[in-house]
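First the structure, in the form of structure tokens, and then the observations on it.
The values are calculated or read from the model by the stated rules, or taken from the named source; none is laboratory data. Just so you know, these numbers come straight off a predicted model, no measurement behind them. So basically every Cβ, Gly included, is an ideal-geometry build from the backbone, and we count neighbours across all protein chains shown.
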Amino acid sequence: MTDWETLRALADEGNEKALDRLADLADERDDVEALSGLLDEGCERAGEHLTRRAVAANDLLELQRIRDAGYDEAGEVLDRLLD
């Protein structure tokens, strides 16, 4: 297994797979703050994890925040929940 610092360095160099793996690790660690930071960097996988968590918690405001941060699928989920 690759450690967080190595993955972070690879992601900083533009490696998308490393960025996705960071999101997976953050999700496994229940590190929502790290997931939010990764989403702010444009990590789609972080958006997936955060959306899943927001749906499980029925947190519509969080879904809006995730959409506003650039993960459009969260908006689609939010729209379905509001229908």
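Brief remarks on what is shown
- Test: residue in the stretch 1-22 that is modelled with pLDDT of 95 or more, among the charged types (D, E, K, R) and touching a Lys or Arg at 6+ places or on another chain (Cβ under 7 Å): yes
- Residue 21, sole failed condition from (1) part of a loop (DSSP other than H, G, I, E, B); (2) under 13 Å from the mean Cα position of the chain (by Cα): (1)
- Selection from the stretch 38-65 of residues that are under 8 Å from the mean Cα position of the chain (by Cα) and part of a helix (DSSP H, G or I): 38, 39, 44, 45, 46, 47, 48, 49, 50, 51
- Every residue from the stretch 12-34 that is small (Gly, Ala, Ser) and touching a residue at least 24 places away in the same chain (Cβ under 8 Å): 23
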